[in-house]
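Below: one structure, written as structure tokens.
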């Protein structure tokens, strides 16, 4: 699978939003830069921590004419429950079949049942990072997606629809989750646009 490279046009997509209608990056073309962030969603404690980080930086991103589109693996019905329960600061989009993930060159590695069992046990005993949304276990129907060995992606797309920043790869890095760029790094990238 070919990844997205800096300088290439961003693939077009439309996805249902937890907050309402379908949204796509093209909706912002000519008006805003778009941060396209592929995540496991609210069921993942590391993703909630990253989401908290981005929510704290969101006002600075908005001052720089940027919107965040969080693309999760959450089914639409579950995402709408999250939107009711939590104050989701930016559009939370649903891609449970990973169609848009694949368009953006993000893959998933297949494993046997043993991998998922070990991941579950390790996850149950691992220290959970702090976040602004609280601690809760994902529902069983989301557990496999949260434990799966798939790629994350963090992209910045300029107002003309061209990818200007790209970070993608496995969620797992060393013994923890791959970090996303700091808010200062995101602001710096947006200032360069």
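The values are calculated or read from the model by the stated rules, or taken from the named source; none is laboratory data. Since this is a predicted model, take the numbers as computed values, not measurements. Every residue, glycine as well, gets a Cβ built from its backbone with ideal geometry; the counts of neighbours run over all protein chains shown.
Descriptive notes on the structure:
- Counted residues, region 58-77 - those being surrounded by fewer than 17 Cβ atoms within 10 Å (Cβ to Cβ), within 22 Å of residue 189 (Cβ to Cβ) and either touching a residue at least 24 places away in the same chain (Cβ under 8 Å) or under 12 Å from the mean Cα position of the chain (by Cα) (or both): 3
- Hey, residue 100 closer than 22 Å to residue 180 by Cα, in a strand (DSSP E or B) and at pLDDT 95 or above or not: no
- Counted as qualifying within region 1-68 are the strands (runs of 3 or more DSSP E) with 2 or more residues that are on the phi < 0 side of the Ramachandran plot, out of contact with any helix residue (DSSP H, G or I) (no Cβ under 8 Å at 6 or more places or on another chain) and modelled with pLDDT of 95 or more, namely 20-23.
- Any hit, region 78-87, residues being farther than 21 Å from residue 4 by Cα, in a loop (DSSP other than H, G, I, E, B) and free of Cβ contacts under 8 Å to residues at least 12 places away in the same chain: yes
- Filtering region 142-193 to residues that are under 20 Å from residue 99 (Cβ atoms) and at pLDDT 90 or above leaves 153, 154, 155, 157, 161, 163, 166.
- Residue 86 vs. criteria at pLDDT below 95, surrounded by 15 or more Cβ atoms within 10 Å (Cβ to Cβ), more than 21 Å from residue 190 (Cα to Cα) and more than 16 Å from the chain's Cα centre (by Cα): yes
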